[in-house]
Protein chains: 4
Amino acid sequence: MEVKGLGSSEIREPRQQRSIEKKKRIIDVGFRLMCEKGYHNTNTAEIAKEAGVSTGIVYNYFTDKKDIFIAAVQSYNDNLIAPMYDRISKMDKRIDLAELIKELIGVFIQSHYISKEAHEEMLAMSHSDQDVAKLFLDFEINTGNNIVGLMKQNGIITENPSEKVYIAIGLIENLCHEIVYHKHQSMDYEIMTDEIVKIVVGMLAN
Amino acid sequence: MEVKGLGSSEIREPRQQRSIEKKKRIIDVGFRLMCEKGYHNTNTAEIAKEAGVSTGIVYNYFTDKKDIFIAAVQSYNDNLIAPMYDRISKMDKRIDLAELIKELIGVFIQSHYISKEAHEEMLAMSHSDQDVAKLFLDFEINTGNNIVGLMKQNGIITENPSEKVYIAIGLIENLCHEIVYHKHQSMDYEIMTDEIVKIVVGMLAN
Amino acid sequence: MEVKGLGSSEIREPRQQRSIEKKKRIIDVGFRLMCEKGYHNTNTAEIAKEAGVSTGIVYNYFTDKKDIFIAAVQSYNDNLIAPMYDRISKMDKRIDLAELIKELIGVFIQSHYISKEAHEEMLAMSHSDQDVAKLFLDFEINTGNNIVGLMKQNGIITENPSEKVYIAIGLIENLCHEIVYHKHQSMDYEIMTDEIVKIVVGMLAN
Amino acid sequence: MEVKGLGSSEIREPRQQRSIEKKKRIIDVGFRLMCEKGYHNTNTAEIAKEAGVSTGIVYNYFTDKKDIFIAAVQSYNDNLIAPMYDRISKMDKRIDLAELIKELIGVFIQSHYISKEAHEEMLAMSHSDQDVAKLFLDFEINTGNNIVGLMKQNGIITENPSEKVYIAIGLIENLCHEIVYHKHQSMDYEIMTDEIVKIVVGMLAN
DNA sequence: GATGAATGAGTCTTCATTCAT
DNA sequence: AATGAATGAAGACTCATTCAT
């Protein structure tokens with residue numbers, strides 16, 4: 001409808017160290033606030049203020065508020081999930097499966113201290129936003145495929161690996177969430193962990 | 001959390017049939033819209049309009065927008081989840097466990113066609129709202145306890161029933177969500193279902 | 001991209017007297033301010049304030065700021081231009097052509113005390129906005145056609161009436177603007193008027 | 001109207017060739033963009049970018065955005081209108097008046113391919129800005145005086161030359177605008193041109 | 001002179017909530 | 001009880017202008 005300048009609202013990828021740090025700060029603060037208070041209860045002015053920048057500069061680095069959220073979740077993925085795979089892939093391969101799963105759970109828990117909330121925000125946002133829905137799905141598929149790949153590399157052969165990995169990830173995520181936030185006071189996490197390890201080992205044995 | 005006013009804006013519990021239906025309509029429409037588009041993308045004017053009432057009257061029945069959401073989720077629980085337990089409790093007790101689980105999954109799927117989105121919205125909202133967080137937790141605990149109770153009534157005895165039921169519910173919810181929304185194109189749901197039935201049966205056998 | 005409610009942002013056509021007056025006040029104030037200071041230097045808060053309404057209510061009656069502008073120009077057309085045709089069509093038909101043109105100029109001047117600025121704002125806005133461009137063009141074509149029609153009714157027959165009317169309107173508009181704003185101090189308006197009457201009469205004689 | 005700062009932010013008149021070209025580029029780009037999209041839809045970052053300079057340097061040459069606009073219009077006047085007078089003054093004086101007017105129209109059209117939009121932007125801006133209003137008026141008066149002067153030099157003597165030239169310019173401008181943008185599909189430009197030539201010749205004959 | 005990152009006031013628009021009728 | 005017009009605070013985003021480098 002309106003004739004708008006195309007040059008003005010261009011998003012710059014910062015090249016200089018100062019700018020890169022600034023962008024990173026915006027992402028980190030945005031991620032934290034959105035996890036703490038939810039996407040809709042976090043406003044751009046607040047993000048800017050806590051990141052120590054002006055409201056305007058935010059829009060040099062991001063097209064809009066949603067873009068901060070997406071960048072934050074991706075950054076989370078890059079900085080926490082990806083290294084997680086590294087650690088998994090470096091685990092001693094002679095270890096037995098139960099130990100492997102346990103270590104895996106330990107690793108998941110570490111990266112879950114923040115992720116579950118981001119995860120839940122994404123789920124909620126994907127109801128109303130296709131970009132987030134896509135991001136979320138890609139993220140999930142990717143995680144699954146990576147795990148399946150790692151399993152093959154580690155000589156763990158099983159029928160229907162995709163389905164089983166999907167089930168296992170779901171199990172472990174639920175467990176981690178419960179352990180991290182321990183909302184159900186009466187639950188015994190050691191029992192739950194053992195049970196889940198048993199399930200996963202049993203499932204992968206077929 | 002909120003101190004309700006005692007003055008003129010007190011919330012009335014409708015006594016007359018017409019009013020009761022009106023309140024119910026608001027809840028139903030609110031629930032549907034919030035599931036479809038998310039809490040924050042649903043506005044009260046829209047709810048009122050689709051429910052066929054004035055915007056003002058909404059605030060005779062509910063203190064605020066959040067209250068509609070909470071009522072809607074509770075109503076969902078009462079109208080869909082609770083009957084689910086009924087149906088579960090009426091299932092033929094001589095049936096073998098695997099069949100029982102399968103039926104259970106079928107029942108869950110039916111009520112999941114709407115619930116998962118409400119569930120996700122609740123999760124997201126619980127980040128920023130303690131009332132919702134409490135509601136959500138109560139809801140979960142309740143479901144777990146009910147299932148444990150039903151199991152006892154059906155003579156299913158197992159160690160650590162709470163933990164196992166929690167795990168089983170998580171498994172089944174994930175499965176239902178996947179089947180209902182089938183976002184992962186490559187997954188074979190029959191395989192997943194069989195696998196999960198096997199897991200739950202195995203787990204409860206101990 | 002976002003799922004937005006369709007019910008919420010509906011524009012209501014006010015039915016009650018109070019509302020109709022309110023809408024009219026917004027249009028009038030908006031028109032005046034935009035003429036005085038230009039479209040871009042007039043903000044919606046100011047319009048609302050001067051119209052004695054809240055900023056929010058403006059958006060019950062208008063989709064956006066541009067809509068106020070368009071409504072204002074249309075209202076101007078309805079309230080000033082249209083009655084002008086009335087007066088023209090009621091002019092004594094036995095009058096000679098020169099007198100007719102003179103009266104016409106008089107009538108034009110009366111309605112030009114505001115219109116020229118609106119006209120110029122429209123011209124400027126039509127550079128960047130297609131809706132305004134369309135409105136403006138329709139407005140012009142309409143004026144021309146009406147005048148041609150009135151001429152026929154009054155028995156004024158000439159070759160190429162469209163072109164001549166277009167030329168005549170341009171002449172008269174320029175004259176009116178000059179007379180109303182008399183920016184060129186040295187101009188003698190009586191001479192200009194006589195000259196233009198002579199031109200139009202001469203042109204229509206062929 | 002504006003009090004220019006005497007401190008560090010003084011506007012420099014560029015002396016070096018490189019700088020002069022840079023300033024010229026800013027003016028040219030600014031003029032083009034403002035004509036295309038309107039003053040308010042053109043931002044300084046865009047002008048700078050298209051001119052191949054930094055946003056900061058713009059403010060070494062111009063006090064503010066409006067200053068670019070004014071410089072651009074003045075430059076337009078100097079570079080297009082002024083040469084137009086040259087060409088007019090070099091036209092063969094033995095030519096008859098009708099031919100002269102026709103050529104004049106041709107020359108006007110050439111410079112109108114851009115100017116009309118600038119003209120309209122100026123008109124609109126003069127509502128809110130006295131500097132522009134003044135510039136615009138001076139520009140008009142100047143054009144009129146120049147034409148009157150040229151007429152005298154060419155031996156064209158008439159009563160009330162100022163008024164007639166003003167009328168003639170208005171006529172020709174309208175015609176040019178119509179021919180250049182030909183928005184009224186049904187108009188026959190040849191007829192319009194002939195009619196206007198006839199009018200001007202007739203008017204100047206007295 | 002030159003850069004372009006940074007500022008932050010300003011603007012349009014939305015919407016939960018209230019209140020006169 | 002019911003209406004729906006009205007409120008006004010809040011928020012995302014823009015952009016002319018400045019300034020450290």
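Each Lys and Arg Cβ is given +1 and each Asp and Glu Cβ -1; about its Cα centre, chain A then shows a dipole of about 760 debye.
Taking every C-alpha pair closer than 8 Å and separated by at least 6 residues, the mean separation divided by the residue count of chain C gives a relative contact order of 20 percent. As a size descriptor, the averaged projected area of the C-alpha convex hull of the protein assembly as shown was calculated at 49.2 nm². The 3J(HN,Hα) values that the Karplus relation (6.51, -1.76, 1.60; θ = phi - 60°) gives for the stretch D:61-72 are, in residue order, 9, 10, 5, 7, 4, 4, 4, 5, 4, 5, 4, 5 Hz. Gly and Pro appear as x. Counting only other chain Cβ atoms within 10 Å of each residue's Cβ, the peptide C:122-133 averages 6. Pairwise alpha-carbon distances in the stretch B:72-206 exceed 23 Å for 34% of all pairs. Each 5 Å bin from zero up to the one holding the largest Cα-Cα distance in the stretch B:14-53 carries the following percent of pairs: 6, 28, 29, 19, 11, 6, 2. Scalar couplings 3J(HN,Hα) for the stretch C:33-46, obtained by applying the Karplus form with A = 6.51, B = -1.76, C = 1.60 to θ = phi - 60°, are 5, 5, 5, 5, 10, x, 4, 6, 9, 10, 9, 5, 4, 5 Hz; x denotes Gly and Pro. The same position C:Lys90 in the other copies lies at 5.9, 8.0, 9.4 nm from this copy, comparing label points 7 Å beyond Cα toward the beta-carbon, shortest first.
Volume per residue of the convex hull around the Cα atoms, evaluated for the stretch C:121-179, comes out as 85 Å³. Rounded to the nearest whole angstrom, the semi-axes of the ellipsoid equivalent to the stretch A:45-88, taken from the Cα gyration tensor as √(5λ), stand at 27, 11, 7, largest first.
Annotation for B:Ile157, label-to-label distances across the other copies: 4.3, 11.5, 13.2 nm (shortest first, one decimal, point 7 Å from Cα along Cα→Cβ).
Stokes-Einstein diffusion of the stretch A:164-206 at 4 °C, 1.567 mPa s viscosity, Kirkwood radius from Cα pairs, rounded to a whole number: 120 µm²/s. Beyond 23 Å in Cα-Cα separation lie the following of the pairs B:Lys37/B:Lys116; D:Lys37/D:Lys164; A:Lys90/A:Lys152; D:Lys24/D:Lys49; C:Lys198/D:Lys164; A:Lys116/A:Lys183: D:Lys37/D:Lys164. Between A:Gln130 and C:Ser89, the modelled labels are 5.0 nm apart [label points 7 Å from Cα along Cα→Cβ]. Using the Cα gyration tensor of the stretch B:32-132, with a ≥ b ≥ c the square roots of its eigenvalues, what is the shape: rounded (a/c below 1.5), prolate (a/b larger than b/c) or oblate (neither)? Since a/c reaches 1.5 and a/b is larger than b/c, the shape of the stretch B:32-132 is classed as prolate. Between copies, the label points of D:Lys183, set 7 Å from Cα on the Cα→Cβ line, lie 1.9, 5.0, 6.1 nm apart, reported in increasing order to one decimal in nanometres. Per-residue mean of foreign Cβ neighbours for B:184-193 is 4 (Cβ atoms of other chains, 10 Å radius). Think of the protein assembly as shown as having a plus end and a minus end, set by charges on the Cβ of Lys, Arg, Asp and Glu; of C:Val180, D:Ile157, D:Ile179, C:Val180 sits farthest toward the positive end of this dipole. Shielding value for C:194-201 is 4, the average number of Cβ atoms from other chains within 10 Å of each residue's Cβ. Placing +1 on the Cβ of every Lys and Arg and -1 on the Cβ of every Asp and Glu, with nothing else charged, gives the protein assembly as shown a dipole about its Cα centre of roughly 760 debye.
Based only on other Cβ atoms within 10 Å, what is the fewest-to-most ordering of C:Ser186, D:Ser75, A:Ser126?
Taking fewest neighbouring Cβ atoms as first place, the list is C:Ser186, D:Ser75, A:Ser126.
Counting only Cβ charges, +1 for Lys and Arg and -1 for Asp and Glu, the dipole size of the stretch C:34-127 around its Cα centre is about 120 debye.
Since every read-out is calculated from the coordinates, none of them should be taken as a lab result. Only a predicted model underlies this, so the values are computations on that prediction, with no experimental measurement involved. Cβ: placed from backbone, ideal geometry, glycine included. Neighbour counts: every protein chain shown.
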